[in-house]
Every structure is written in C-alpha cells, then in structure tokens.
Amino acid sequence: MANDLKRQFDLFAPEFEQKALEVLRKGWYVLGEEVSAFEQEFADWIGAKYCVGLGSGLDALWISFRLLGIRPGDEVIVSSNAYIACVMGITMNGGTPVFVDSDRYLNIDVSKIEAVITSRTKAILAVHLFGQTCDMTEIMRIAEKYNLQVVEDCAQAHGNHWQGRTAGTFGIAGCFSFYPTKGCGAFGDGGAVVTDDAELARKLRIFRNYGSEKKYYNSMLGTNSRLDEIQAGLLRVRLSHMQDLNAERQHLAECYSKGINNPLIEKPSVRPGADSVWHQYVIRCPYRTELIEYLNRYEIGSIIHYPIPPYLSEAYAYLGTPEGSFPCTEKAAGEVLSLPLYNGMTEAEQNYVIQVLNNFHATVL
Ligand SMILES: *Cc1c(COP(=O)(O)O)cnc(C)c1O
C-alpha cells in the first residue's frame, strides 16, 4: 500500500475515541471550544500569532488571496510544479497564475522569479512541495524589492523549517490543509491560515462565517468554510504527537536514502538550509512505467505526484500555456514516483520495499 490511513488512527486510537465521544456528548458541533483551542495550539506550534480554522486547504488559499485583494487582472507567481489546488486558489479570485519552472528540489526555481515580474504582479505563492521548504530567503528578498505579498502553501509541510524558522511564518499568510493524507491530518476535510496580521485574522474569521461577526449582521460577503468541532478535537490529539510523527517520517526517509542503492533510481535531495518533513519520498526513474509494474508484482503501491502539471491540465487549457514551457517540471512529471512512507510503517515493511527496489534491474526492462 502506498499509504495506510487506518494506521494513523490505530496509533492513538484510545485518545481519538475519547475525544470524539467527548465532542459528540457536548452538543456543540461547529466553531466552538475545540476549534478555538486548536487554533491557539496550532498557532503556538507554528510560531504565529493567529490561526483561523477553515473548511479545507483550498479554502485557506483562495480566501487568503481574496482578502489580500487578488482580483481579475492581478498576477500571482507560482511554481509550475505544484498541486492543482495551489493554482485554483489564485484563479478562483480571477487572478492569473504566472508559472515559474521548478528546480532539482522540485520547488520553485527562485533564480527565475524576477524575470516574470510585471506591473500586474501582486503576490508570490510559495508552495513547500513534498514536505520541503522553498528558498524563503530569496523569495522574501524578491518580494520586498518589488513590494509583493507572499503567501505560503504549507499543505504538505506542517512543522518544517527554512534555516530554523517554521514554514508558514515568512509570508503574510501560511495556508494549511488537514486532509487525512497530510502530515497533520484530520478524519475528514479541514484547513487553516496562520498569520501575524491581526486585521487579516479578523477578516478571515468573519469571511468563513458568511461575512458575519455578530449573528445575522453581515459586514461583508463571505462564505461557509468552518472547521468542525469533531475535526478540531481530533486534530488537537494529532497535534500533541506531531513532533514525534515528523521525527518518525524523517527517520523513515533517512532509512530509504541509506538503503536504496540502485543506479536506475535517483533519490530525492534536500536544499541546503531547508528541512523536509517528507510528506512524500519522491524518487525519479527514467523507466518509471516498468518500475511501477514491477513494484505492483511485489504488491508495493506507489503514486505519481503529479502526472500532469496544472498548466497542462484540461482545466487550465484556457491559459494557453504550451507543452514544453517548463522543461524541469515536465521532465519530473515523466519520472517521479512516491514510495510508501507513512506513520506506523514498520522496519520490516520498509526493508521489504528497499530490497525489492534494489533488485530492480535492467533485465526486468
Ligand atoms: C492538499 C493540498 C492542497 C489542498 O488542500 P485540501 O484540504 O485538499 O483542499 C493545496 N495545496 C497543496 C500543496 C496540497 O498538497
């Protein structure tokens, strides 16, 4: 299996069960004490002043951009190698995504950002893909120089760092997803924005609840994007173990990096200065189709993140970005493969994957 979500429940089952019953018996199910407590604890953990719980990671992105004033005609710079939700956070506001190719770390190539800045550029979306932080020093330098806002997509990077500082605290808004497969996963949908900006936090709280601060008095147009009490309660349990869970993933990644030894497989590397919480362990292989088939034969699941870059997806055909525009991203799309890595994965399970991978030979091809 590529991921085993049930394991995440089993690891702390008694705590989750107790919390779920506690919330069910309280009789208050949306935006209550659990959400407030989680927001405080999550903000503290990240090292931000405020956290606002929302319905999903996509909501965290599009609502942030909406409240930061992104409108039709505005351009937002984003890596061409990203999850489609990153781009939707921009286009849902009518903004134009301006893509920049990725580098060998599969994140935005910061050396190519300045060349695409125009008078319409309003923001940079820094996506910390696969658990690894972008070069935030360079992104913040460019943003300051051109007076751009920085939003961080931390949906795959809960609690990782750039030069010792936590991802999500560099830009004006750090956007998180608590989708079950994410590092800090709930048992359903959920998301949040962290910020040090009191005004943005206030607006987020109003916007997520139909634009209403006081019941039935609406000061702005908003939406319904609220974190459930049950999810917030379960997330508090998970958050209390995040330090260990991230350390476990880092250990698993280290074991892969030490154990995998096959000239046909390129292992992932981490940018100097960056941390990775290893949301995915992404290898590259020029014979990927054969490798997937081979792994399947040994009942090892693997996933391609992502087979089609957002700008080549049918949904974004209207942007008219031709194939070949971003060579590093397109080459990666043809070669990347995520190995099984999940909390609760046993040493025996991992050793089996390593052994099978090391036995992948040209003879199989
Ligand atoms: C999962 C994810 C999102 C979207 O989060 P949802 O909670 O599924 O809406 C956005 N960006 C990245 C990088 C993601 O991995």
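The values are calculated or read from the model by the stated rules, or taken from the named source; none is laboratory data. The structure presented is a predicted model; accordingly, all values stated were derived computationally and were not measured. Here the Cβ positions follow ideal geometry from the backbone for every residue, glycine too, while neighbour counts run over all protein chains shown. We work out accessible area using only protein heavy atoms, side chains counted, and drop any ligands, DNA or RNA first. Shrake-Rupley method; radii C 1.70, N 1.55, O 1.52, S 1.80 Å.
With a cut-off of 15 Å on the backbone N, the residues of region 208-243 near the modelled label site 7 Å out from Val30 along Cα-Cβ are 208-217, 222-232.
Between Gln355 and Arg104, the simple spin-label model (points 7 angstrom out along Cα→Cβ) gives 3.3 nm.
So for Asp275, Asp59, Asp189, what's the accessible-area order with a 1.4 Å probe, most first?
Details: Asp275 55, Asp59 30, Asp189 100 Å².
Putting Asp275, Asp59, Asp189 in descending order of accessible area: Asp189, Asp275, Asp59.
Electrostatic bookkeeping for Glu335 treats Lys and Arg as +1 and Asp and Glu as -1; over the other residues with beta carbon under 13 Å from its beta carbon, the sum is +2.
So if I place +1 on the C-beta of Lys and Arg and -1 on the C-beta of Asp and Glu, and nothing else carries charge, what would the dipole magnitude of region 42-101 be about its Cα centre? I want it in debye, nearest 20.
Values: 3 positive and 5 negative charges, 34 e Å.
Here region 42-101 has a charge dipole of around 160 debye.
Applying a DSSP loop filter and a limit of 16 other Cβ atoms within 10 Å to the trypsin sites (Lys or Arg not before Pro) in region 1-95 leaves Lys49. Listed by chain and number, the lysines whose alpha-carbon sits under 25 Å from that of Lys19, ignoring those within fewer than 8 places in the same chain, are Lys6, Lys182.
Structure remark: mean-square fluctuation, Gaussian network model of the chain, C-alpha springs under 10 Å; the largest value among Ala37, Ala82, Ala348 belongs to Ala348. If a spin label sat at a point 7 angstrom from the Cα of Leu221 along the line to its beta carbon, the backbone N atoms of region 84-99 nearer than 15 Å would be those of 92-95.
Length available on full extension from Asp244 to Ala317: 0.36 nm per residue minus the Cα-Cα distance, which gives 22.0 nm.
Taking the Cα centre of region 270-330 as the origin, how large is its charge dipole in debye, to the nearest 20, when only Lys and Arg (+1) and Asp and Glu (-1) carry charge on their Cβ atoms? Don't jump to the answer; show the numbers that get you there.
Working: 4 positive and 7 negative charges, 36 e Å.
Using Cβ point charges on Lys, Arg, Asp and Glu, region 270-330 gives about 180 debye.
Positive contributions from Lys and Arg (+1) and negative ones from Asp and Glu (-1), summed over other residues with Cβ under 14 Å from the Cβ of Lys122, come out at +1. FRET efficiency for the pair Lys214 and Ala20, taken as 1/(1 + (r/R0)^6) with r the Cβ-Cβ distance and R0 = 25 Å, rounds to 0.20. Average accessible surface for the chain: 44 Å² per residue, computed with a 1.4 Å probe over protein heavy atoms with every protein chain in place.
The dipole here belongs to region 110-198: it is taken about the Cα centre, uses +1 on the Cβ of Lys and Arg and -1 on the Cβ of Asp and Glu, and is about 180 debye. Computed over region 107-181, the quotient of the alpha carbon radius of gyration and 2.2 N^0.38 Å is 1.08. Looking at region 22-66, the chymotrypsin sites (Phe, Trp or Tyr not before Pro) that sit in a DSSP loop and have at most 11 other Cβ atoms within 10 Å of their own Cβ are Trp28.
In terms of overall dimensions, the chain has a Cα radius of gyration and Dmax of 20.6, 70 angstrom.
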